[in-house]
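The values are calculated or read from the model by the stated rules, or taken from the named source; none is laboratory data. Since this is a predicted model, take the numbers as computed values, not measurements. When we count neighbours, we look across all protein chains shown, and the Cβ atoms used for this are built from the backbone with ideal geometry, even at glycine.
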């Protein structure tokens, strides 16, 4: 999506390695943490309350698949060499259909909302009855809106927000 062409770009199919990298709750959490601000392995581990060695394994996987990019080395408080990482935002541009069951995405969402005040969040839930054509239309319109916002540069002074959307067939109701 560009200023000249308002249509969202089609997602390209994910490779097996990319799909595998994104099929991990902790990796998805790392990408969210490093979305707008570079973080070191130590900082990521502290935020996730996880073992730094485990986090480093996941960071390396994300770097190897192009989802995280190392930033210029900086010096830590005791002069140690620290490498901050920043998310490349490439995961948004991938079509994961059929390559992952989505459970990591749901797990990352559940992990993240455990740390927020739900009373301060905007929550909605809606049941619909749609034809296949209407389902496709709704899906395309949602993708277009999300693509528009994803393409915008971060707003200086803006606050970080997360959005989780799940459009699925309702299998709990009887027709």
- Query: What helices (runs of 4 or more DSSP H) lie completely within region 17-65 and have 2 or more residues being within 15 Å of residue 82 (Cα to Cα)?
  - Reply: 41-48, 52-64
- Query: Restricting attention to region 91-120, which residues are in contact with a helix residue (DSSP H, G or I) (Cβ under 8 Å, 6 or more places away or on another chain) and modelled with pLDDT of 90 or more?
  - Reply: 91, 94, 104, 105, 107, 108, 111, 112
- With respect to residue 48, is the statement that it is crowded, with 16+ Cβ neighbours inside 10 Å, closer than 30 Å to residue 168 by Cβ and touching a residue at least 24 places away in the same chain (Cβ under 8 Å) true? no
- Item | Index of the failed condition, residue 99 passing every other in (1) free of Cβ contacts under 8 Å to residues at least 60 places away in the same chain; (2) touching a strand residue (DSSP E or B) at 6+ places or on another chain (Cβ under 9 Å); (3) surrounded by 12 or more Cβ atoms within 10 Å (Cβ to Cβ); (4) not in a helix (DSSP H, G or I) | (1)
- Query: Looking at (1) in contact (Cβ under 8 Å) with a residue 12 or more places away in the chain; (2) loosely packed, with under 10 Cβ neighbours inside 10 Å, which is the only condition residue 167 fails?
  - Reply: (2)
- For residues that are assigned to a loop (DSSP other than H, G, I, E, B) and surrounded by fewer than 10 Cβ atoms within 10 Å (Cβ to Cβ), tally how many sit in region 121-151. 9
- Is there any pair linking a residue in region 117-129 that is closer than 14 Å to residue 172 by Cβ to one that is in a loop (DSSP other than H, G, I, E, B), with Cβ under 8 Å and at least six apart or on different chains, and which? 127/170; 127/173
- From the set of residues in region 1-32 that are in contact with a strand residue (DSSP E or B) (Cβ under 6 Å, 6 or more places away or on another chain) and surrounded by fewer than 18 Cβ atoms within 10 Å (Cβ to Cβ), which is modelled with the highest pLDDT? 13
- Task: Would you check which residues across region 51-89 are exposed (fewer than 12 other Cβ atoms within 10 Å of the Cβ) and either modelled with pLDDT under 95 or touching a strand residue (DSSP E or B) at 6+ places or on another chain (Cβ under 7 Å) (or both) and list them?
- Result: 73, 75, 76, 77, 78, 79, 80, 81
